[in-house]
Amino acid sequence: PDEREVLTYEQFGTAARDLARQVVDGGFEPDLILSIARGGLFLGGALGYALDVKNTFVMNVEFYTGVDERLDLPVVLPPTLDQVDITGANVLVADDVADTGKTLELVRDFCAGYVAAVRTAVVYEKPRSLVTCDYVWRRTDAWIDFPWSSEPPVRRRSNRPPH
Ligand code: 5GP
């Protein structure tokens, strides 16, 4: 789509506090926060402070290669989570946006079975998302410019594996 939704760092700060308030008001008490890298790292960190949760984990998932260009399926990149760490926990998954919802679906299914409860927090949810997130700041149909990816990298690297 041509239309763009621009999020500033300032608005992001407001969004994170609002989402933390939703979590508290809803009575969910997360034991840990699982951020979906890289876009979910910002919200995961902000929620960690706002909810006073120090237990934070990261899952690396890659799906998008450009504006509205994606791989066939979201892919989990190494290093993968040590499952033992989240057994029996109340997990709050943090991401930037549920677009198709496939990334969050993958992470939710990955957690299901051995954690006590999984809830999802996103800054944006798009109407087509196949996952209905528990905590949503705004809904939009537009492509979103996040403040952390609105400018090109300071130094661009050629395609190569993480290690
Ligand atoms: P999904 O699996 O829900 O389609 O989206 C997975 C990831 O793709 C998101 O976490 C985000 O990093 C990226 N993505 C999806 N839609 C947008 C968008 O509108 N703007 C940006 N910047 N990234 C997006």
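For residue 132, state whether it is assigned to a strand (DSSP E or B) and either open to solvent by 40 Å² or more (accessible area, probe 1.4 Å) or in contact with an Asp or Glu (Cβ under 9 Å, 6 or more places away or on another chain) (or both).
When the stated conditions are applied, residue 132 does not pass them.
When residues of the stretch 38-50 are filtered for being open to solvent by less than 10 Å² (accessible area, probe 1.4 Å) and either in contact with a His (Cβ under 9 Å, 6 or more places away or on another chain) or among the hydrophobic types (A, V, I, L, M, F, W, C) (or both), how many remain?
The qualifying residues number 2.
Looking only at the stretch 53-85, count how many residues are among the basic types (Lys, Arg) and assigned to a strand (DSSP E or B).
Of the residues in the stretch 53-85, 1 are among the basic types (Lys, Arg) and assigned to a strand (DSSP E or B).
Restricting attention to the stretch 23-38, which residues are out of contact with any Asp or Glu (no Cβ under 8 Å at 6 or more places or on another chain), part of a loop (DSSP other than H, G, I, E, B) and more than 19 Å from residue 146 (Cβ to Cβ)?
Across the stretch 23-38, the qualifying residues are 27, 29, 30, 31.
So residue 115 fits all but one of (1) part of a strand (DSSP E or B); (2) farther than 28 Å from residue 9 by Cβ; (3) more than 14 Å from the ligand (Cβ to nearest atom); (4) not charged (D, E, K, R); what number is the exception?
(1)
Hey, can you tell me all the residues within the stretch 8-22 that are part of a helix (DSSP H, G or I), touching a residue at least 12 places away in the same chain (Cβ under 8 Å) and open to solvent by less than 80 Å² (accessible area, probe 1.4 Å)?
12, 13, 15, 16, 18, 19, 20, 22
Please go through the stretch 86-104 and pick out each residue that is under 18 Å from residue 43 (Cβ atoms), within 13 Å of the ligand (Cβ to nearest atom) and either open to solvent by 20 Å² or more (accessible area, probe 1.4 Å) or outside any strand (DSSP E or B) (or both).
Scanning the stretch 86-104 gives 96, 97, 99, 101, 103, 104.
Taking the residues in the stretch 59-80 that are more than 10 Å from the ligand (Cβ to nearest atom) and in contact with a helix residue (DSSP H, G or I) (Cβ under 8 Å, 6 or more places away or on another chain) as candidates, determine which candidate is most open to solvent (accessible area, probe 1.4 Å).
Ranking the candidates gives 76 first.
Given the criteria farther than 21 Å from residue 32 by Cβ and touching a residue at least 40 places away in the same chain (Cβ under 8 Å), does residue 124 qualify?
So residue 124 passes the test.
Can we say residue 108 is open to solvent by 50 Å² or more (accessible area, probe 1.4 Å), modelled with pLDDT of 95 or more and within 16 Å of the chain's Cα centre (by Cα)?
no
The values are calculated or read from the model by the stated rules, or taken from the named source; none is laboratory data. Keep in mind that what you see is a predicted model, and the values were worked out from it rather than measured. Glycine gets a Cβ as well: all are built from the backbone with ideal geometry, and neighbour counts include every protein chain shown. Accessible surface is based on the protein model in full, side chains and every heavy atom, while ligands, DNA and RNA are left aside. Shrake-Rupley method; radii C 1.70, N 1.55, O 1.52, S 1.80 Å.
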